[in-house]
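No lab work stands behind these numbers, since they all come straight from the coordinates. Since the model is a prediction, treat every value here as computed from it, not as a measurement. Here the Cβ positions follow ideal geometry from the backbone for every residue, glycine too, while neighbour counts run over all protein chains shown.
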Amino acid sequence: MTSKKPAKKAEASAAKRKVAPPVLIRGMRDILNPDWAYRDAIYDVARGIAQDYEYERIETPVVEETSLFVRAVGKATDLVEKEMYSFETAGGEKVTLRPEGTAPVGRAYIQHGMLNRPQPVRLWYWSQMYRHDRPQSGRYRQFTQFGCESVGDKSPIVDAQQAFLAWKVLESVGVPAIVHINSIGTPESRANYKNALVAYFRTKKHKLSEEDKKRLLKNPLRLLDSKDPAMDELKQEAPQIVDWLDEESKGHFMQVLEYLDEMGVPYQLDPYLVRGLDYYTKTVFEIFAVSEDPDVSKLALGGGGRYDGLLETIGGNPTPACGFSLGIDRVVNRMKDMNPEFGSKSEPRDVFVAQLGDQGRKKAFVIFEELRAAGIRAACSLSKDAIKSQMELANKRGAKWAIIVGQKEVLDGTAIIRDMDAGTQETVDSKKIVQEIQKKLKA
Ligand code: HAM
């Protein structure tokens, strides 16, 4: 009888353990190593460039009123129609997880009266975005964008600067890229072009997919970036937006291209580039990795353009603006393909602090912190006991010196410094360890 009891207990706890383990919501991501090595490298470069060009940092909230995105991005866009994480709060507010950064920056510009500051106001962000896209390689439901927005300046050099900055960040992290650029003019010239496009595609309606037939009705410009292979041929004959641009937009675009030439930004004109968000006017661009592999150069690493009408659409004064954002997760994927070693290298350490016994462990903890605070790259393993395995670890971490503290050293107020290459050892006053190591590092 007594022997059955523990078995029952074990059964009961096994049953308890059978709770399904927690899982990630589809398309959401934990960002783990080695991704952080790449992300940190991009972050450092992006932040440095943004600061050098005098952009100020902004972080907008992760939730905004749903109406902000509906008004700014456009009701008939894929983003608003299909991809927003929208919900009602307990208080009955209709909110949306930030799917992009431009509309929130526009909202913040109005809300904080930035119109009264010297123009343009230049802002940058590095933020998580959420889109209920179909998850696949390079397309996530949670992703990070680095973006710059210049609000309050209508000159074409601003457009060129945005494309330049996007390209410069990629170039600086070793990702060769090319800007695809187009102008979609003012809303008026675009409306005329839309009519011409609809008239053309109506004559080809029988050749359109069901999806494209819907686009023809709702958002005809999107026909130009249809994924249907049959469209490639149909597009060839379609009217091109450049022929419908008003004189002002045409002149503006020519100047943007001249600046890009001057700045040495590699670009290519793309008459079919229209972008998926309704707020754009005049210049639009996307940036792609340069690669022989067609799969690599398919997904844009970033996109941007001018959005002179956005602020007025969401309730501000008419304010010219232009910006871009880079999809950091896609840039990380590209860097990983090009340089898989980068993320797995752990930074070598100059010193390894080894310990023996309980007293030694306590002292090692203190010495490690003194070294760290003095800016010396140190490592230690407080959980390992055998000195042999600690020395192996010291070698692995590339340490030139090991500091060893055992019971005896603690009592004497000393520590041993071992030269890992020569195998020689010396005993020093434990208060002078930092000084001694600094001397050795300088030698
Ligand atoms: P966007 O083209 O929608 O533009 O996104 C910019 C970049 O974010 C894309 O080129 C891509 O690299 C990345 N991205 C977009 N969706 C996903 C996804 N599901 N998974 C991974 N990466 C993604 C904008 O968001 C505009 N706010 C850009 C802008 C700023 N225009 C003016 N200022």
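A few notes on this one:
- Overall Cα dimensions of the chain - principal axes, largest extent first, Å: 90, 74, 47
- Placed amide H near L301: partners under 5 Å, 5+ positions off or other chain: I287, F288, A289
- Taken about its Cα centre, region 351-442 carries a charge dipole of about 280 debye when Lys and Arg each add +1 at the Cβ and Asp and Glu each add -1 at the Cβ.
- Cα-projected label distance for K345 with L269, points at 7 Å along beta-carbon direction, nm: 4.3 nm
- With 5 Å bins beginning at zero, the pair-distance distribution over Cα atoms of region 72-129 amounts to 4, 14, 20, 21, 18, 13, 7, 2, 0 %.
- Shape call, region 79-185: gyration tensor on alpha carbons, a/c limit 1.5: oblate
- Sorting the segments 228-241, 300-313 by their mean number of nearby beta carbons within 10 angstrom, highest to lowest, gives 300-313, 228-241.
- For region 43-66 and region 216-237, distance of Cα centres in Å: 35 Å
- Distance violations [Cα-Cα > 20 Å] among K75/K298; K400/K440; K205/K227: K75/K298
- Cα long-axis angle, helix 187-202 against the chain (0 to 90 degrees, to the nearest 10): 80 degrees
- Positive-end extreme of charge dipole, the chain - chosen from A230, G304, I417 (charges on Cβ): I417
- Estimated from the Cβ-Cβ distance and a Förster radius of 60 angstrom, the FRET efficiency linking E81 and D419 is about 0.35.
- Whether region 351-442 is rounded, prolate or oblate, judged on the alpha carbon gyration tensor where a/c under 1.5 counts as rounded: rounded
- All lysines inside 20 Å of K250 as judged from Cα atoms, apart from same-chain residues fewer than 8 positions distant: K154, K194, K282
- Site pair L411 and A199 shows an inter-label distance of 10.1 nm when each label is modelled 7 Å from Cα along Cα→Cβ.
- Length released on extending from V290 to D385, taking residue separation times 0.36 nm less the Cα-Cα span: 29.1 nm
- Most fluctuating residue given options S183, S155, S346, as computed from a GNM of the chain linking Cα atoms under 10 Å: S346
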